[in-house]
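The values are calculated or read from the model by the stated rules, or taken from the named source; none is laboratory data. Just so you know, these numbers come straight off a predicted model, no measurement behind them. Here Cβ is always computed from backbone atoms with ideal geometry, including for glycine, and neighbour counts include all displayed protein chains. Please note that ligands, DNA and RNA were not included when accessible areas were found on the heavy atoms of the full protein model with its side chains. Shrake-Rupley method; radii C 1.70, N 1.55, O 1.52, S 1.80 Å.
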Amino acid sequence: MDKKVYSATGRRKTSVARVRIIVPGSGRRMINGKELKNYLQKDDLIRHVMQPLEVSKVDGKMDIVCSAAGGGISGQAGAIRLGIARALAQLDENLKKLLKDKGFLTRDPRMVERKKYGQPKARKRFQYSKR
């Protein structure tokens, strides 16, 4: 049987995830050479990553292999979710509207605000001393 590969890139904060969906597959999910549950470990992050698959009802029919780099685990989970949603939109054009309506194809623009000079952090000020 001929296998097709759909690939997409997802970004969140400073994380970048390159996602490949292989159809047909056995339902294997790998991130950086580890199983999904072993890599993310937290249940809420695993649910966050799996949302596009649950909404599109194609879970278990394909293999998902991705490499995530940069940032932390939470940012990587968001990047993987966006990459999976974009790859599913390539897989089936009918899923694109469903994924867009749920907000899975929109990149989260929030980034860390830069530190300003004369301050300890981006918005925190040094303590004021009257005397």
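The requirement of being under 18 Å from TYR6 (Cα atoms), touching a strand residue (DSSP E or B) at 6+ places or on another chain (Cβ under 7 Å) and open to solvent by less than 20 Å² (accessible area, probe 1.4 Å) is fulfilled somewhere in segment 30-51, by at least one residue.
Condition check: in a helix (DSSP H, G or I) and among the hydrophobic types (A, V, I, L, M, F, W, C). Does ALA68 satisfy that? Against the criterion (in a helix (DSSP H, G or I) and among the hydrophobic types (A, V, I, L, M, F, W, C)), ALA68 does not qualify.
Checked against (1) touching an Asp or Glu at 6+ places or on another chain (Cβ under 9 Å); (2) closer than 18 Å to VAL23 by Cα, GLY78 passes all but a single condition, namely (2).
When every residue of segment 101-110 is checked against the conditions, at least one turns out to be in a helix (DSSP H, G or I), at pLDDT below 95 and open to solvent by 60 Å² or more (accessible area, probe 1.4 Å).
Please tell me if ARG86 is in contact (Cβ under 8 Å) with a residue 40 or more places away in the chain, closer than 12 Å to THR9 by Cα and open to solvent by 50 Å² or more (accessible area, probe 1.4 Å). Reasoning before the result, please.
Numbers: in contact (Cβ under 8 Å) with a residue 40 or more places away in the chain: yes; closer than 12 Å to THR9 by Cα: yes; open to solvent by 50 Å² or more (accessible area, probe 1.4 Å): yes.
Yes, satisfied.
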